[in-house]
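Here the structure is laid out as C-alpha cells; the discussion comes afterwards.
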Amino acid sequence: MNFACKIINGHYLVSSSLTGAMSLLSPAEYLAFVAISKAGGEDPGEVVKRTLSSHGCKEEEIANFSGIFLRKLKQQGWFRNERMEVEVPGLALVYFTVTTSCNLSCSYCYIGDNRRVTDHSMKISEVETIIQKIRSQNPSARVMVTGGEPLTHPKILDILDILESNNLQFSIGTNANLIDESLAKKLKGYLNLLNVQVSLDGITPEVHSITRGNSYQATIKGINILAKYKVCFSIAPTVHEGNLHEILDIARFAYRNGGLFDPNHLRKFPHAPNACNISLEPESLRKIIIETFEKIHKEFDHTDAPKMFDSNSENIRDTRCRYVCGNAWYNVDIDWNGDVYPCHLLREKEFILGNILEEDFPDILEKGRNSKTRLRAYEIPKCKDCPFVATCAGGCRASAFYTKGTLAAEDEFCDILYKFEVDKLFLKKNISFHL
C-alpha cells in the first residue's frame, strides 16, 4: 500500500490519494498498518498477529484487536486497488423556489438584488406537474420549499397540500415574519413536514438588523408561535463577523424552545453587492462553531433530537467515497419558471440543466451527471493529494466559482474545512483535540 502520513497529536493520519483511503491511527494501529503495507500479498491477519506478538502482546488481545482493526481498514478503503464512488440516488434533495417575492431584502441573499426586480410566483398547475415528476423520479426525495419568501406565495397552503398528498417529505425555509397561529396549526397537521428552517441572525434587534433589517420582532414572534404548537423548527443564522458574539445565545434560544440549531456561514456573491459591509474570517467561523457546539452539547441533551439527515448520507461519509459535490445529481434547484439549476447557489444561466415543465428528470439528471459543475476532487490541483480528497469533495463549487472565477478550485474556506475534518476524526475516537 502506498500512503502519505502526518502525525497529529500523537496519532497518525494516513491517506492514499490514489484510492481515497484514509484513517486516523493510534501508535499501535500504525505499527500494524505499516507491517501490512510492507507485506505484499500476505494475509493481513497473519501479519498483524506476527507483528503484535513480536512486541509482547497476548494472543487474546491480538485476536480482539485484529478483527476490529482489519474491518476498519476495509471500510476506510485500504484494500481497494482503485478509486470507488458511492452511488447515491438522483434527485434526493430538491430546492423548490415557488416565488421570487420576498418581504425582506437581506444584504447577502444568494438570489441577489438584481434578480428580484420582478416578483414571480409559480402557478399551482405547474406546481402539481413538477411535484408529480419529482415523485415519479424519486418518491423518497426531500423538498425544500423556498423563495424569495415562500410564505408570500398567495397559494402557499395549496402547494404544501400538494406535497402532503403526494407523500413527499418537505421543509420550509422562511424568515418566519408571516407565521401566525392559524398557519402554525395548519403546519402542525402535515405528516410529511420535516422542519421549518427560520433565519435569525441575531439574538438582539441591533445585531439581527445588520443583515436582515427591521424584522427581529416579527421573526421572534413567528418562532415562538412555532414552539407553542410544537412544529419542528430549526434556527439557521448566517454567521458573520458582526454576529459572532451572539451565535451561542441564538443556539441556546433554539434548544430552549424545542428547536434545532443549523448555522450557515456567510458567502458573498457578485449579484449581492450590498453584502460588502459584512465579512467573515475563516478562523472566526471555525472557532465559533467549535465553541458553540461544545457548549450546547454540555448544556442540552440531544438524545431525543429529530434526525435531520438520512442514513445514506452517513454511509457516504463513512465509506470515504464522496469525490464530488452533490450538485446537479443528488440535489437540484427548481426555479419559479421550471428552470433547473445544479444547486440553489449556482443560479447562473450558463448552468441551467433544462426546464422541468418541458422535459423529464431522467433527461435533466443525465445532463447533470455529466455537467461541468460536477468536478471530481482529484481533478482540483490543491485537493488531489489531500487526505480528505474522498470526503470533502473539494468543498462548494459555487464558492470556488464566485471567489476564484473557476469551478476547478478549492472552496474559499478550504483550510478551515481541513481542520474541521481533522476535528471530526478525533471526535469519532472520543479524543478532545483541535488544531
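The values are calculated or read from the model by the stated rules, or taken from the named source; none is laboratory data. All values reported here derive from a predicted model rather than from experimental measurement. Here Cβ is always computed from backbone atoms with ideal geometry, including for glycine, and neighbour counts include all displayed protein chains. Note: accessible area is taken over every heavy atom of the protein model, side chains too, but ligands, DNA and RNA are not part of it. Shrake-Rupley method; radii C 1.70, N 1.55, O 1.52, S 1.80 Å.
Brief remarks follow.
- Taken over region 350-370, the criterion of being farther than 16 Å from residue 94 by Cα, modelled with pLDDT under 95 and either part of a helix (DSSP H, G or I) or β-branched (Val, Ile, Thr) (or both) is satisfied by no residue.
- Pairs meeting the criteria (first residue in region 204-221 and crowded, with 16+ Cβ neighbours inside 10 Å, second residue modelled with pLDDT of 95 or more and of a type in the set (Phe, Trp, Tyr), beta carbons under 7 Å, at least 6 apart or on different chains) are 208/216.
- Long-range neighbours under 6 Å by Cβ, at least six apart or interchain, first residue under 28 Å from residue 41 (Cβ atoms) within region 1-17, second among the β-branched types (Val, Ile, Thr): 3/14; 5/14; 17/389
- Scanning region 143-166 for residues that are within 19 Å of residue 132 (Cβ to Cβ) and out of contact with any Phe, Trp or Tyr (no Cβ under 8 Å at 6 or more places or on another chain) turns up 153, 155, 156, 157, 158, 159, 161, 162, 165, 166.
- In region 151-177, residue farthest from residue 138 (Cα to Cα) [restricted to those that are assigned to a helix (DSSP H, G or I) and open to solvent by 30 Å² or more (accessible area, probe 1.4 Å)]: 152
- Residue in region 124-142 that is open to solvent by less than 40 Å² (accessible area, probe 1.4 Å) and under 23 Å from residue 271 (Cβ atoms) present: no
- Filter pass, residue 373 being part of a loop (DSSP other than H, G, I, E, B), in contact with an Asp or Glu (Cβ under 7 Å, 6 or more places away or on another chain) and buried (at least 19 other Cβ atoms within 10 Å of the Cβ): no
- Residue in region 80-90 that is farther than 30 Å from residue 130 by Cα and exposed (fewer than 15 other Cβ atoms within 10 Å of the Cβ) present: yes
- Residue-level analysis places residue 58 outside the set of residues that are among the basic types (Lys, Arg), in contact with an Asp or Glu (Cβ under 9 Å, 6 or more places away or on another chain) and free of Cβ contacts under 8 Å to residues at least 60 places away in the same chain.
- Between 169, 197, the distinction of being in contact (Cβ under 8 Å) with a residue 24 or more places away in the chain and in contact with a Lys or Arg (Cβ under 6 Å, 6 or more places away or on another chain) belongs to 169 only.
- Test for residue 411: is it touching a His at 6+ places or on another chain (Cβ under 9 Å), surrounded by 21 or more Cβ atoms within 10 Å (Cβ to Cβ), among the acidic types (Asp, Glu) and not in a helix (DSSP H, G or I): no
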